[in-house]
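Colleague: Here you go, one structure.
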Amino acid sequence: MTHVRCPEGSDDRHSTARRQAGGSGAYCAAMSAATALLTHRPGRRLGVVWLALALLLGACHGRWFSSVDAAGTRNRVRHFDHIEFDNRRALSLDLYAPINVHDAPVVVFFYGGSWLGGERGWFRFVGNALAAHGVITVIPDYRKLPDVDLGGFMRDAARAIGWVRAHVAAYGGDPQRLFVMGHSSGGHIAALLATDPRWLAAQGLTPRDLAGCIGLAGVYAFLPADAQDEEMLDVFGEAPDQWHQAAPVAFVDGREPPMLLLSGDDDDEVDPENSRRLAAALQAHGEAVTLHVYPRIGHSALLLALAHPRAPQAPVLRDILAFIHTQPAASNIAAPP
C-alpha cells in the first residue's frame, strides 16, 4: 500500500520549529548547519535532514532553498519569474532557460507536498539544475486541497501545459519536445497527465503530444483503497470509483508517451512499488519505460540529488538528462497499433 506523509504545507509545524530554534537568528543558523550536513553527508542521512528542514520552512525558506542550487548554475541560466498563466485563478509559473538557446527540450516540473502545500519558489534548484544543462524548465503553481479536489489541481496542471505549449518557443524552447516531470504527489500529477487523456483534452492535446514523462517517487498505484489510510481518503474520497479515477496505473492503455520512473529503495514516504507497478503496466502494453530504483536513497534525497549531481548514490540528474536527450519529438513518437 502506498504511504504518503509529507510535512510541507503545515503552518503550525513551521512556527513551532522556528520557536524551538530560538527565534529568527537561531532558526536561520539551524538551517545553515543542516545545509552543511546535506553537503558533506549525502546518501541515506540526506533524506532525514531534508525532512527536518521541511519542518523548518518559514521566514528564511527562500534563503535556504537558494543555497542548495548546484554550484555554478546561476550565471548560465536566465530566470523569468511570476509569469501568469491563469489570470482568473491567479496562478503563475517560473521559467528557467539556458543562455542563448534555440529549440531546447522543455520540462514542466510539478512539485510535491501531499497535494496540500508547497510553492514553486522553493524548487529553484530544480529549474537551475536542468537549465544549466540545456533544458528549459517551467515550474507552475497549482491549487491545493482543501480548496479544490482532484479535478481542480489537475485542470490547473493541464492549463500550465497548454500555456507552455503555446508560448515556450518565445523563450527558445521546442514545444514538440515537451516533458512533464514531478516528485511525490507532483509525480502523481505528471503521470496522470500522461495516462488519463481527459485532462489534456481540454487544452486540445493528448498524452502523445508529450515527448515524455519523468516521475520521481510518484504516487501511481494505490489501488485497492485502504480504508485505514486517512490521508489518502481525504485526498481521493472513500468510493472505489473515486480512487480508480485518480490512479495513473488504471489508465495505461498503450497510448502513453515514453516514461522514466525513478525511486529510492529507502523511501518510507511513497513505496517504490508504485514505480514498479506502473512500469509493469506500461511494459505489458509495449510502451517505452525506464525504471531506476536507487539503493540507500530516501524520498526527499531523490529530489535533492539534483542540487548535488556528483553524489554517487543517485545519479538522478544524469539519468534524467540521458532520457530527455534520447527521446524523439512528440510528433515522431510511434502511434499505437
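The values are calculated or read from the model by the stated rules, or taken from the named source; none is laboratory data. Since the model is a prediction, treat every value here as computed from it, not as a measurement. Here the Cβ is made from the backbone with ideal geometry for all residues, glycine too, and neighbour counts use every protein chain on show. Note: areas computed on protein heavy atoms with side chains; ligands, DNA, RNA excluded. Shrake-Rupley method; radii C 1.70, N 1.55, O 1.52, S 1.80 Å.
Colleague: If we keep just the residues of the range 310-327 that are part of a loop (DSSP other than H, G, I, E, B) and open to solvent by 60 Å² or more (accessible area, probe 1.4 Å), which is modelled with the lowest pLDDT?
Modeller: 312
Colleague: Filtering the range 212-231 down to residues that are part of a loop (DSSP other than H, G, I, E, B) and open to solvent by 10 Å² or more (accessible area, probe 1.4 Å), which residue is modelled with the highest pLDDT?
Modeller: Restricting to residues being part of a loop (DSSP other than H, G, I, E, B) and open to solvent by 10 Å² or more (accessible area, probe 1.4 Å), the top hit is 229.
Colleague: Looking only at the range 166-182, filter to residues that are closer than 19 Å to residue 111 by Cα and out of contact with any His (no Cβ under 9 Å at 6 or more places or on another chain); which one of those is surrounded by the most Cβ atoms within 10 Å (Cβ to Cβ)?
Modeller: 180
Colleague: Sticking with this structure for a sec: State whether the residues of the range 159-169 include one that is basic (Lys, Arg), part of a helix (DSSP H, G or I) and out of contact with any Ser or Thr (no Cβ under 6 Å at 6 or more places or on another chain).
Modeller: yes
Colleague: Same structure again: Which condition number does residue 94 fail, the rest of (1) more than 15 Å from the chain's Cα centre (by Cα); (2) farther than 20 Å from residue 257 by Cβ; (3) of a type in the set (D, E, K, R) being met?
Modeller: (1)
Colleague: Is at least one residue of the range 198-205 open to solvent by less than 30 Å² (accessible area, probe 1.4 Å), in a loop (DSSP other than H, G, I, E, B) and among the hydrophobic types (A, V, I, L, M, F, W, C)?
Modeller: Yes.
Colleague: Would you point out the residue of the range 134-152, among those that are touching a Ser or Thr at 6+ places or on another chain (Cβ under 9 Å) and closer than 30 Å to residue 174 by Cβ, that is surrounded by the fewest Cβ atoms within 10 Å (Cβ to Cβ)?
Modeller: So the residue we want is 141.
Colleague: Which of the following residues is within 18 Å of residue 199 (Cα to Cα), aromatic (Phe, Trp, Tyr) and within 13 Å of the chain's Cα centre (by Cα): 115, 163?
Modeller: From the options 115, 163, the qualifying one is 115.
Colleague: Quick one: is residue 247 open to solvent by less than 10 Å² (accessible area, probe 1.4 Å) and in contact with an Asp or Glu (Cβ under 6 Å, 6 or more places away or on another chain)?
Modeller: Judged against the criteria, residue 247 is not a match.
Colleague: Test residue 234 against the criterion of being open to solvent by 20 Å² or more (accessible area, probe 1.4 Å) and touching a residue at least 24 places away in the same chain (Cβ under 8 Å), and give yes or no.
Modeller: Criteria met by residue 234.
Colleague: Right, another one. Given the conditions (1) out of contact with any Asp or Glu (no Cβ under 9 Å at 6 or more places or on another chain); (2) surrounded by fewer than 18 Cβ atoms within 10 Å (Cβ to Cβ), and given that residue 295 satisfies all but one, which numbered condition is not satisfied?
Modeller: All conditions are met except number (1).
Colleague: Taking the options 253, 241, name whichever one is assigned to a loop (DSSP other than H, G, I, E, B) and surrounded by fewer than 18 Cβ atoms within 10 Å (Cβ to Cβ).
Modeller: The match here is 253.
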